[in-house]
1. Relative contact order (percent) for region 130-219, with alpha-carbon contacts under 8 angstrom and 6 or more residues of separation?
2. Which one of SER29, VAL16, VAL221 has its Cα pushed farthest toward the positive end of the charge dipole of the chain, where Lys and Arg give +1 and Asp and Glu give -1 at the Cβ?
3. Using 0.36 nm per residue of separation minus the Cα-Cα distance, give me the extension gain between ASP217 and LYS41 in nm, one decimal.
4. For the chain, what does -39500 (n - 2.57) per DSSP helix run (n ≥ 4), summed and divided by total residues, give at 222 nm, in deg cm²/dmol to the nearest 500?
5. Probe of 1.4 angstrom, ligands and nucleic acids ignored: what's the accessible area per residue over the chain, in square angstrom?
6. Under the rule of at least 5 residues apart or a separate chain, name every residue whose amide H is placed under 5 Å from the amide H of LEU51.
7. Once you wrap a convex hull around the alpha carbon atoms of region 140-203, what is its projected area averaged over all directions, in nm²?
8. Give or take rounding to whole Å, what are the principal axis extents of the alpha carbon atoms in region 147-290, in descending order?
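The values are calculated or read from the model by the stated rules, or taken from the named source; none is laboratory data. Computed from a predicted structure; not experimentally measured. Positions of Cβ are generated from backbone atoms using ideal geometry, with glycine treated the same way; all protein chains shown enter the neighbour counts. Only protein heavy atoms, including side chains, enter the accessible area calculation; ligands, DNA and RNA are left aside. Shrake-Rupley method; radii C 1.70, N 1.55, O 1.52, S 1.80 Å.
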Amino acid sequence: MNSLTFRLLEVFQEVVDSGSVTAASASLSLSQPTVSLQLKKLTSVVGLPLLEQLNGKTRMTEAGQIVYRCAQEMMASQTRMLSQIKSLQGMESGSLRIAAVTTAKYVIPPLLGAFCKQHPNIDVNFHVGNREQILERLKNNRDDLYIFSHPPQEEATQAEPFMGNDLVVIAPSDYTGPDHCTLHDLADQKFLLREAGSGTRKSVDEFCREHHFNFIDPMIVESNEAIRLSVASGLGLAILSEHTLAQTAPNSVKKLHVEGFPLSNQWHVVTRKNRPLSLAAQSFKTSVLQEK
């Protein structure tokens, strides 16, 4: 392993993160043959295959996962070192990687915007995905901070609440059905729901179990925007985070007064206990927690 270098690990991590040699070469400003040669050299140094093809997709082998974690630790250490050195020099900089579930994209940008104005030299990477995708990023230790409404219950993570996330029942603006009612009074209404596994759906399903309620032939839509627009178009009712209504055109939908709603939840900032935070990540986390 004497010929294992920081550069080899950096190239391997970028190939995995970007998904291809082509994308990694563009990101690192290297030629594709150079990136391929670096991968070949790293594989030779390790002595085991690092990547394999499965159903037309490239994925890491078990050895590749070990090397990838090592690369992450090396990169994180370099980032912390540079951040701390520049902080001592009076030059605030560094990097910040955030991954958030889709509904949180209405919450994080305003906080991030204010933070970036105060810290303009920090390099920010903000990734948005569904719950399953963000859980996968958390598993692979891809980011500094993760935003969930329903944080995973794992010993290796720490979750801290910072802002309310209330769910409300919405209807088209011309809706004339039951209002000031219970959810059972809406049993014959068409509902548009998020996909199973999403944080919003988890809260809705828990409420329905507690109140012995079942939706009749709901429409499943994997996008808050699509649900909101569909409700405005008269396709049915929905239960969404109140944050998703912030950009709704005036009078396009109306909130119904349903017993037990709004459902009160909270946003959580989640970190991995085995990943020390950079100064930039710690600073943003602190600013987020001040929203309590």
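1. Value for region 130-219: 32 percent.
2. In the chain, that residue is SER29.
3. Full-extension gain reported as 57.8 nm.
4. Computed mean residue ellipticity for the chain: -12500 deg cm²/dmol.
5. Using a 1.4 Å probe on heavy atoms only, each residue of the chain averages 52 Å².
6. Excluding prolines and chain starts, which carry no amide H, the hits are THR61.
7. Values: hull surface 27.9 nm².
If I average the Cα hull's projected area over directions, I get 7.0 nm².
8. Cα extents, longest axis first: 53, 34, 24 Å.
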